[in-house]
Every structure is written in structure tokens, then in C-alpha cells.
Amino acid sequence: MTQRVHYIAGASGVGTSTNARELHQEWSSEPDARPVCVIATDVVRAQLRAVVERDAHPDLWGESFNLPASDGDTVRDGVSIDAFLRQCAPIMRAVEAGVEYALTEGWDVIVEGVHLVPDLVELAAGDALDVTFELIVVPDADEHVARFRSRDVASNGGRSASHYEANLDRVRAIQDELVERWQALESGA
């Protein structure tokens, strides 16, 4: 049976974690299912914060949409795209190591999170490996707010909707960046 790696990317609040949980249940319930490893990029970021000094990699602290810009950074709707990419770089290295380890153990892998920048994810599939990439987009801002509120309720207030609503334009700027990178990758540009 071919091993599988499925990447689920998207900005904060679009449903990457929910989709990963649903896919995990689906894969785990298949006949002769192999173990499934789920890697969440936010968890990887938290782990890196525990072992990397803040001064060594300040972009690990903060959310994808609220990192401070450095001189020369590309800024989109108030979001430093370059700071976001600097945050993604060590997270992706750790994710790649986790995926490689899980595959050597014979597991299927689901990776989810905002740090999965389409043109930075290696999609090397082969005869014994099926690799897929999914980008979740919420086109409607009101629907995005509704998802933040649903997540707030599901987390018993642990992930405050008001914080994300106050930063909605910035969150959606990250979404726009991911979409543009996906479209460029798809078109071969």
C-alpha cells in the first residue's frame, strides 16, 4: 500500500485543523489502516520556541499576521510577508524532518497549518509515496469571522474570536499571499 502525505494549508481560522482531524478519522478507519501522524505547524512553532532563543530567531514569536517588519521587508496590508516567510523557514525544516521520520516508521502523514507556503513545500511523490497539497480559502470575510467565533466556542474562549476579528484584514492578507503563491505555482510562473 502506498504511503500518503497530505498537506493542508490556509490562513488562521479557515479550518486546517478541522480538516486534518476529519482526514485522520477517515484514514484511520480504512481497512488495514496504517498509523497516521498529524503534524500541526503551530505545535511545531511552539516546540521550536522551547529550544530556540528568542534573540536567535525572533520571528518565531508572534502570529503569522502580526510579526514586526524589518527594513526592506515586503509589506502587504500591514503584514510583513518577509517576516512571515522567516517564521515559516525553521518550522518547515522541522516539519520536513517529522514527515521523513514518520515515513520511515511506515506511517501516513497529515500536515496542517498556516506555515505551509505552497511554493516552499517539497511535493516529491514516487511509486511508494502519494503526496498531495490542499489550500483552504475562505473567500467571504463574514464567513471567516463566523469560523473564528466557532473556534472560540470550541476552545472555551482559549482562541478568542475578538483577537482574530480585530486582525481580520491582516489574516486575510496572509490568505491572499498563500493564494497568489499557489496560483503562481499552478501556472508554472
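Round to the nearest 10 and give me the degree value, 0 to 90, for the angle of helix 16-28's Cα axis relative to the longest principal axis of the chain.
Helix 16-28 and the main axis of the chain meet at about 10 degrees.
Ranking request for peptides 39-49, 107-117, 172-182: highest mean number of other beta-carbon atoms within 10 Å first, then the rest in descending order.
Highest to lowest by the protection proxy: 107-117, 172-182, 39-49.
Grab the other residues whose beta carbon is less than 11 angstrom from that of residue 140, score K and R as +1, D and E as -1, and report the net.
0
Rounded to the nearest Å, what's the spacing between the alpha carbon centres of segment 87-136 and segment 137-189? Just the number, please.
First find each Cα centre; the distance between them is then 21 Å.
Rank by packing, highest mean first: peptides 76-88, 156-168, with packing defined as the count of other Cβ atoms within 10 Å averaged across residues.
In decreasing order of mean packing, 76-88, 156-168 become 76-88, 156-168.
Could you tell me what percent of the DSSP beta bridges with both partners in the chain are antiparallel, to the nearest 5?
Of the beta bridges lying entirely in the chain, close to 15 percent run antiparallel.
Sort 132-139, 60-67 by packing, meaning the average of other beta carbons within 10 Å per residue, with the highest value first.
So the order, starting with the most tightly packed, is 60-67, 132-139.
Within a Cβ distance under 11 Å of residue 113, other residues only, what is the Lys/Arg minus Asp/Glu net charge?
Here the charged neighbours net out to -1.
What nm distance separates the two modelled labels at residue 180 and residue 82, each placed 7 Å from Cα along Cα→Cβ?
Computed distance between label sites residue 180 and residue 82 equals 1.5 nm.
Hey, what do the phi angles of segment 86-95 turn into as Karplus ³J(HN,Hα) couplings, whole Hz, using 6.51/-1.76/1.60 and θ = phi - 60°, x for Gly and Pro?
Per-residue couplings from phi come out as 5, 5, 5, 4, x, 5, 5, 4, 5, 4 Hz.
Using only Cα atoms, find the angle between the long axis of helix 41-51 and the longest principal axis of the chain, and express it within 0 to 90 degrees, rounded to the nearest 10.
In the chain, helix 41-51 runs at an angle near 80 degrees to the longest axis.
With a Förster radius of 25 Å, plug the Cβ-Cβ distance of residue 93 and residue 69 into 1/(1 + (r/R0)^6) and report the FRET value to the nearest 0.05.
Between residue 93 and residue 69 the formula returns 0.65.
In nm, give the distance between the simple-model label positions of residue 134 and residue 100, each being 7 Å from the Cα along the Cα-to-Cβ direction.
Once both label points are built, they end up 2.7 nm from each other.
Hey, what's the per residue convex hull volume over the C-alpha atoms of the chain, in cubic angstrom?
134 Å³
Where a number appears in this text, it was derived from the coordinates with a stated rule and is not lab data. Since we're looking at a predicted model, the values are computed, not measured. With ideal geometry, Cβ positions are generated from the backbone for all residues, glycine too; neighbour counts draw on all protein chains shown.
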